[in-house]
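Below is one structure, written out as structure tokens; comments come after it.
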Amino acid sequence: MEKENIYILGIESSCDDTSAAILCNNRILSNVVADQKIHAEYGGVVPELASRAHQQNIVPVVHQAIEKAGIKKEQLSAVAFTRGPGLMGSLLVGTSFAKSLAYGLDIPLIDVNHMQAHILAHFIDEDNHKKPPFPFLAMTISGGHTQIVKVTSHFNMEVLGETIDDAVGEAYDKSGKVLGLGYPAGPEIDRRAQIGNPKAFQFTKPKVDGLNFSFSGLKTNILYFVQREVKANPNFIEDNLNDICASIQYTIIGILMAKLKLAVKQTGINHIAIGGGVSANSGIRKALKDAEDKFGWTSYIPKFEYTTDNAAMIAIVGYLKYLERDFSGFDVMATARLKI
Ligand code: KG4
Ligand code: ZN
């Protein structure tokens with residue numbers, strides 16, 4: 001007899017993207033993301049506005065995901081949702097919606113850890129995407145997180161190091177703000193970095209022991225540097241923007257790669273998977289490619305739409321948990337500081 005297909009609806013609402021995806025077994029049928037432009041005017045995510053936008057978006061986004069997948073909601077096997085970590089007001093919208101829908105359809109509810117999902121996004125079945133073998137190291141780099149995790153199996157993960165203050169994406173976005181760039185500034189800094197001189201200016205690298213990261217010192221360093229230079233030359237930013245961006249990027253990628261090298265040395269694992277919005281960065285991609293040639297690492301980078309916040313990654317965790325019958329009670333609560 002042919003195996004029955006499992007259809008999972010994934011819902012993600014931890015920060016400023018409302019997303020819903022439908023998975024058939026481990027393949028994506030749809031992955032709809034409504035990002036919230038409103039935060040750009042404020043130069044960062046405003047939690048209250050985010051939860052309000054989630055409330056407006058969630059019904060149409062889920063509806064679209066089901067329609068695009070070409071299935072009926074009655075075919076769903078389970079509803080998976082982001083329980084945390086994230087902004088409480090944002091998480092609550094997805095959590096309440098997922099509970100109501102699963103209850104109404106009388107199907108299992110599956111809670112998902114957002115950080116695990118960034119890592120398990122690598123197990124979405126895609127043509128031409130190789131899945132990392134266990135054990136591997138995962139580096140999750142985004143506007144909200146910076147972690148290095150040892151992954152021994154789908155649900156056996158150990159955080160080896162993480163940021164003690166800002167996330168790496170924040171370092172990009174806050175430096176961009178100092179330079180008068182729009183939000184989020186990561187993509188523009190990356191674009192300019194590719195045509196600038198990475199050694200034009202030097203910024204201090206944080207001294208943090210072990211595999212932890214710190215980016216707040218770098219942010220202050222860049223701020224004071226720019227203020228000092230602008231005092232001497234009011235056109236300093238315009239005159240040197242590409243070089244400043246290249247130098248910032250060079251410093252940040254140097255920090256990330258130094259920690260990865262240490263993690264490889266400590267664990268003996270040289271399969272490296274990355275995830276999160278910053279994995280779109282050309283500098284980190286090139287550095288990983290070079291490390292393949294130079295140190296014999298193998299690197300894994302998911303398709304862009306599965307690296308930024310999205311519900312496909314929530315749905316794949318839902319599928320893997322579904323296979324293990326790892327379901328949640330309806331009393332499960334959104335948890336802003338959920339750990340891996
Ligand atoms: O994963 P994501 O969409 O959302 C979360 O923060 O969870 O990541 C967004 C972050 C922003 O900080 C953005 O500036 C950064 O990813 N980003 C980049 C690039 N593309 C996005 N940073 C550096 N280079 C890029 N090409
Ligand atoms: Zn994320």
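The values are calculated or read from the model by the stated rules, or taken from the named source; none is laboratory data. Because the structure is a prediction, the values reported are computed rather than measured. Reconstructed Cβ throughout: ideal geometry from the backbone, glycine too, with neighbour counts over all protein chains shown. Heads up: the accessible areas ignore ligands, DNA and RNA and are worked out on the full protein's heavy atoms, side chains in. Shrake-Rupley method; radii C 1.70, N 1.55, O 1.52, S 1.80 Å.
Expressed as a whole percent, how much of the Cα-Cα distance distribution for the range 1-103 exceeds 16 Å?
Result for the distance tail: 55 percent.
Could the peptides 162-170, 134-142 be put in order, highest first, of the mean number of other beta-carbon atoms found within 10 Å of their residues?
So the peptides 162-170, 134-142, ranked by packing, come out 134-142, 162-170.
Excluding Leu241 itself, what net charge comes from residues whose Cβ is under 10 Å from its Cβ, given Lys and Arg +1 and Asp and Glu -1?
With Lys, Arg at +1 and Asp, Glu at -1, the neighbours total -3.
At 7 Å along Cα-to-Cβ for each site, give me the label-to-label distance between Val332 and Lys231 in nm.
Calculated label separation equals 5.4 nm.
Measure nothing but the geometry: give the 0 to 90° angle between the long axis through the Cα atoms of 216-232 and the longest principal axis through the Cα atoms of the chain, rounded to 10°.
40
Calculate one ³J(HN,Hα) per residue across the range 87-101 by plugging θ = phi - 60° into the Karplus curve 6.51 cos²θ - 1.76 cosθ + 1.60, and present them in order as whole Hz with x for glycine and proline.
Along the range 87-101, the couplings run 7, 3, x, 6, 4, 4, 5, x, 5, 5, 5, 4, 4, 4, 5 Hz.
Counting only residues 5 or more places away or on other chains, whose amide H sits under 5 Å from the amide H of Asn26 once H atoms are built in the peptide plane?
none
Is it possible to state the helix-based mean residue ellipticity at 222 nm for the chain, with each DSSP H run of 4+ residues giving -39500 (n - 2.57), the sum divided by total residues, to the nearest 500 deg cm²/dmol? What is it?
-14000 deg cm²/dmol
Amide H to amide H, which residues 5 or more places from Asp166 or on other chains are under 5 Å from it, using H placed in the peptide plane?
Phe215, Ser216
What number comes out for the charge environment of Tyr183, summing +1 per Lys or Arg and -1 per Asp or Glu over other residues with Cβ under 9 Å away?
-1
Roughly speaking, what is the centre-to-centre gap between the range 165-196 and the range 62-93 when only Cα atoms are used, to the nearest Å?
So the two Cα centres are separated by 31 Å.
State the percentage of accessible surface on the chain attributable to carbon and sulfur atoms; use a 1.4 Å probe and exclude ligands, DNA and RNA.
About 50 percent, which is the carbon plus sulfur part of the accessible surface.
In the range 167-232, if every C-alpha pair distance is counted and binned at 10 Å from zero, what percent goes to each bin?
20, 50, 28, 2
Per residue of the range 142-149, what does 6.51 cos²θ - 1.76 cosθ + 1.60 with θ = phi - 60° give for ³J(HN,Hα)? Whole Hz please, x for Gly and Pro, Karplus curve as stated.
8, x, x, 9, 8, 9, 10, 10
Please work out the average accessible area per residue across the range 131-302, using the 1.4 Å probe convention, and give it in Å².
Working: 7730 Å² over 172 residues.
With the other protein chains kept in place, the range 131-302 gives 45 Å² per residue.
With θ set to phi - 60°, apply the Karplus curve 6.51 cos²θ - 1.76 cosθ + 1.60 along the range 255-270 and write out the HN-Hα couplings as whole Hz, x wherever there is a Gly or Pro.
5, 4, 5, 4, 5, 4, 4, 5, 5, 5, 4, 5, 9, x, 9, 10
Could you compute the net charge surrounding Leu160? Neighbours are other residues with a C-beta less than 11 Å from the C-beta of Leu160; K and R count +1, D and E count -1.
In short, 0.
In 5 Å bins starting at 0, how do the alpha-carbon pair distances of the range 131-302 split up by percent?
Binned Cα distances yield the sequence 2, 9, 18, 22, 19, 14, 9, 5, 2, 1, 0, 0.
Compute from the Cα atoms of the chain the Rg and the Dmax, the latter being the longest Cα-Cα distance, and quote both in angstrom.
My reading of the Cα-based Rg and Dmax gives 20.6, 77 Å.
Counting only residues 5 or more places away or on other chains, whose amide H sits under 5 Å from the amide H of Ala80 once H atoms are built in the peptide plane?
Excluding prolines and chain starts, which carry no amide H, the hits are Leu9, Gly10, Ile11, Ile110.
Would you mind checking the tilt of helix 282-295 against the longest principal axis of the Cα atoms of the chain, expressed as 0 to 90 degrees and rounded to 10?
On a 0 to 90 degree scale, this one is about 90.
Take the cross-link list Lys177/Lys207; Lys73/Lys321; Lys207/Lys321; Lys68/Lys289; Lys68/Lys219 and give me the ones stretching past 31 Å between alpha-carbons. Before the final figure, lay out each step's value.
On the way: Lys177/Lys207 24 Å; Lys73/Lys321 20 Å; Lys207/Lys321 39 Å; Lys68/Lys289 35 Å; Lys68/Lys219 42 Å.
Flagged as over cut-off: Lys207/Lys321; Lys68/Lys289; Lys68/Lys219.
Please give the charge dipole size of the range 211-340, origin at the Cα centre, charges +1 on K and R Cβ atoms and -1 on D and E Cβ atoms. Round to the nearest 20 debye. Each step should come with its number before you reach the end.
Details: 15 positive and 12 negative charges, 82 e Å.
It comes to approximately 400 debye.
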